[in-house]
Amino acid sequence: MVSNSAVGFGLSAASMIATWVWAASFYASATSGYRYGLSGPIHYGLWGALMILFIYPFGRRFRELAPEAHTLAEVIKARHGSSSQLIMAVSNLVGSCISLMVNFTAAGALVSVLSPLNFTQGVLIAGSGVLAYTLWSGFRASVMTDFAQLIAMIGSAVVIIPLIFINAGGSDMVMENLWRLDAEQSNFFSTKAILEQGAPYFIAVLAYAIGNQTIAQRLFAVREDLIKPTFLTATVGYGAVVIGLGMLGLLALFTGLEPVDGNMNNIIPQMASTYLPPFGVALFFILVVGSLSSTADSDLSALSAIMMTDIYGKNIARGKPDPQKMLWWGRITMIVATMLGVILASLKLDILVMLVFVGALWGAIVFPVIASFYWNRITNKAFTTAVLVAVALFTVARFELAPMTGVTAVLFEFAATVGAGVVAGLMTFAFFNRTIAIIVGVLVFVGMLPFATGFLRDYTVLLSSLTAYGVSAVVCVLMSLRSNERFDFDLLAKRVRSFQDEDAMLRSGQATPAAAKTAES
């Protein structure tokens, strides 16, 4: 599950970049360029890169407190209890299944545009291919293949992007077709691009950085002293590749390309089939297959780790897992998850919409998770209640279950403004102390409130995303302030142990940390 937490810098950095650079990254980045013009790819690639940078200070805290952890949900259980653990585990199961769906959707779109095969056949080929090698050894297979896939992706991108640009007409074509861009698309500081793409995606990927087990798994696998250089390298690598590939969507806008069937997922495959020679198309296949495989195998590894650790190891086996049964739980999970991903991919949902939706939904857990590892007053009840209330109100705002008018709209806008302050405060807290973070958060809240009232209600995605952050933070803090509990963080390292250690303790007749915790209770 975590390769003994001793993976070196080269493999870790490559795996991190390859996992974060998935097929959806450049499909959605291209969509952003096509919809929002000059600033579109920047709003996708830059914010995604910054989120990788943002997570590493918190990651070092997680590793410091629980050096032998396998999943973040496992540490949450040791901190709070089963209900909080299951919230984390279930959110990751749902998120990773949707991620699989997105990657298989990208594969289907690629195959249907560039080959005689249809969408469904492309999805089946991608699903069975990834499952075939990941089933062998889980996370180890994922990391080993990530390295090769990243080299292939970078090599392909370096050739493909200039080739398409040149064959499409180069700078002369761009200058001749500037008229195709409307006022917002031609404005690098477009308000529309910021409010509809940049800000919602920024909020969404912040939640991805905390809530996604594929990131946490690499965080727990890399050698502890290499966390910082690994994540810094991944930040630069991701930004460069994704922003570059997103420019293909901008080129498509200049050329006047119309996506087949109105499906934005077809933009990049169409550009490749139109402007690349046969060897370029082959390189493009390598690029997309490498990117979707590297993330799909990470999702399968993450899902299996969650089922092995959080569902079987900590709940069904109650801290006394059979290693052989645990292995079968992991493998069966991969098979079932692949089947679900293939079925969901047949729905052909918009990739960009799905990414923002899942990220915003995960926003409900960001503040409670981070605060739980720094503030000893956070309780299990506060954590659980905050997440559930935030998800409920996010759903109301996102799907407009209540009319966003009058007092209702003002209340949601107030909660969303609090959420903006929370996001700013958390990002500041990653690199500075608590006092500076609180000051920044309050200043952002006070500065935004006059502008947000009467305005945010027109931007449903942004409103709902920020509401999730704001509501979870407020509920969590208020309930925790009423508590007299104080948690000893030293307990985490005692309660979260590697399964081989627990197995050895069981064989020697000693009490495991789980048994000791039960005895304490």
Any pair with Cβ under 7 angstrom, 6 or more apart, that starts in the stretch 73-90 at a residue that is without any contact (Cβ under 8 Å) to a residue 60 or more places away in the chain and ends at one that is among the β-branched types (Val, Ile, Thr) and open to solvent by 10 Å² or more (accessible area, probe 1.4 Å): none
Taking the stretch 472-495 and keeping residues modelled with pLDDT of 90 or more and open to solvent by less than 20 Å² (accessible area, probe 1.4 Å) leaves SER472, ALA473, CYS476, SER480, LEU492
For SER465, only one of the following conditions fails: (1) out of contact with any Pro (no Cβ under 9 Å at 6 or more places or on another chain); (2) assigned to a helix (DSSP H, G or I); (3) among the hydroxyl-bearing types (Ser, Thr, Tyr); (4) modelled with pLDDT of 85 or more. What is its number? (1)
Regarding the stretch 446-456, can at least one residue be identified that is crowded, with 19+ Cβ neighbours inside 10 Å and either within 24 Å of the chain's Cα centre (by Cα) or outside any helix (DSSP H, G or I) (or both)? no
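Considering only the stretch 360-378, state which residues are in a loop (DSSP other than H, G, I, E, B) and open to solvent by 10 Å² or more (accessible area, probe 1.4 Å).
Initial filter on the stretch 360-378 (in a loop (DSSP other than H, G, I, E, B)): 373-378.
Of everything in the stretch 360-378, those that are in a loop (DSSP other than H, G, I, E, B) and open to solvent by 10 Å² or more (accessible area, probe 1.4 Å) turn out to be TYR374, TRP375, ASN376, ARG377.
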Is there a residue in the stretch 264-271 that is assigned to a loop (DSSP other than H, G, I, E, B), crowded, with 17+ Cβ neighbours inside 10 Å and modelled with pLDDT of 85 or more? no
Does PRO116 satisfy being surrounded by fewer than 16 Cβ atoms within 10 Å (Cβ to Cβ) and of a type outside the set (D, E, K, R)? yes
What tally of residues in the stretch 428-467 results from selecting those that are of a type in the set (Phe, Trp, Tyr), touching a residue at least 24 places away in the same chain (Cβ under 8 Å) and closer than 24 Å to VAL407 by Cβ? 3
For the stretch 379-387, state whether one or more residues are more than 23 Å from the chain's Cα centre (by Cα), assigned to a loop (DSSP other than H, G, I, E, B), over 13 Å from LEU466 (Cβ atoms) and among the basic types (Lys, Arg). no
Would you confirm, using the coordinates I've provided, whether LEU110 is over 27 Å from ALA345 (Cα atoms) and part of a helix (DSSP H, G or I)? no
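This table checks each residue for (1) touching a strand residue (DSSP E or B) at 6+ places or on another chain (Cβ under 6 Å); (2) closer than 25 Å to VAL130 by Cα; (3) free of Cβ contacts under 8 Å to residues at least 24 places away in the same chain.
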{"residue": "SER3", "(1), (2), (3)": "no, yes, no"}
{"residue": "VAL7", "(1), (2), (3)": "yes, yes, no"}
{"residue": "MET16", "(1), (2), (3)": "no, yes, no"}
{"residue": "TYR27", "(1), (2), (3)": "no, yes, no"}
{"residue": "GLY33", "(1), (2), (3)": "no, no, no"}
{"residue": "GLY40", "(1), (2), (3)": "no, no, no"}
{"residue": "TYR44", "(1), (2), (3)": "no, no, no"}
{"residue": "ALA49", "(1), (2), (3)": "no, no, no"}
Please pick out the residue among ALA78, ALA69 that is within 24 Å of ALA6 (Cβ to Cβ), in a loop (DSSP other than H, G, I, E, B) and open to solvent by less than 10 Å² (accessible area, probe 1.4 Å). ALA69
Extreme residue, least open to solvent (accessible area, probe 1.4 Å), among residues of the stretch 412-444 that are polar (S, T, N, Q) and over 25 Å from VAL391 (Cβ atoms): THR428
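Closer than 24 Å to ASN265 by Cα, open to solvent by 20 Å² or more (accessible area, probe 1.4 Å) and not in a helix (DSSP H, G or I) - does that describe any residue in the stretch 21-31?
So the first thing to find is which residues in the stretch 21-31 are closer than 24 Å to ASN265 by Cα, and the list is 21-31.
Cutting the leftovers down to open to solvent by 20 Å² or more (accessible area, probe 1.4 Å) gives us 22.
Among the residues that remain, those that are also not in a helix (DSSP H, G or I) are: 22.
The answer is yes, given that some residue of the stretch 21-31 is closer than 24 Å to ASN265 by Cα, open to solvent by 20 Å² or more (accessible area, probe 1.4 Å) and not in a helix (DSSP H, G or I).
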Every listed condition ((1) under 18 Å from ALA216 (Cβ atoms); (2) crowded, with 24+ Cβ neighbours inside 10 Å) holds for ILE87 save (2)
Residue among PHE54, PHE62, PHE26, PHE58 that alone is touching a Ser or Thr at 6+ places or on another chain (Cβ under 8 Å) and of a type in the set (Phe, Trp, Tyr): PHE26
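Taking the conditions exactly as written (aliphatic (A, V, I, L, M) and within 24 Å of the chain's Cα centre (by Cα)), does ALA157 satisfy them or not?
On the way: aliphatic (A, V, I, L, M): yes; within 24 Å of the chain's Cα centre (by Cα): yes.
Yes; evaluated as a whole, the condition is true for this residue.
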Which residues, taken from the stretch 129-165, are open to solvent by 70 Å² or more (accessible area, probe 1.4 Å) and within 18 Å of SER301 (Cα to Cα)? ALA132, TRP136, ARG140, MET144, PHE147
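Determine, yes or no, whether VAL236 is in a helix (DSSP H, G or I), surrounded by fewer than 21 Cβ atoms within 10 Å (Cβ to Cβ) and under 18 Å from the mean Cα position of the chain (by Cα).
Numbers: in a helix (DSSP H, G or I): yes; surrounded by fewer than 21 Cβ atoms within 10 Å (Cβ to Cβ): yes; under 18 Å from the mean Cα position of the chain (by Cα): yes.
Judged against the criteria, VAL236 is a match.
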Open to solvent by less than 10 Å² (accessible area, probe 1.4 Å), assigned to a helix (DSSP H, G or I), in contact with a helix residue (DSSP H, G or I) (Cβ under 8 Å, 6 or more places away or on another chain) and at pLDDT 85 or above: which single residue out of GLY48, GLY59, GLY10 fits that description? GLY59
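The values are calculated or read from the model by the stated rules, or taken from the named source; none is laboratory data. Treat the numbers as computed from the prediction; the structure is a model and nothing was measured. Note that each Cβ is placed from the backbone with ideal geometry, even for glycine, and that neighbours are counted across all protein chains shown. For the accessible areas, the whole protein counts, side chains as well, though only heavy atoms, and no ligand, DNA or RNA atoms are used. Shrake-Rupley method; radii C 1.70, N 1.55, O 1.52, S 1.80 Å.
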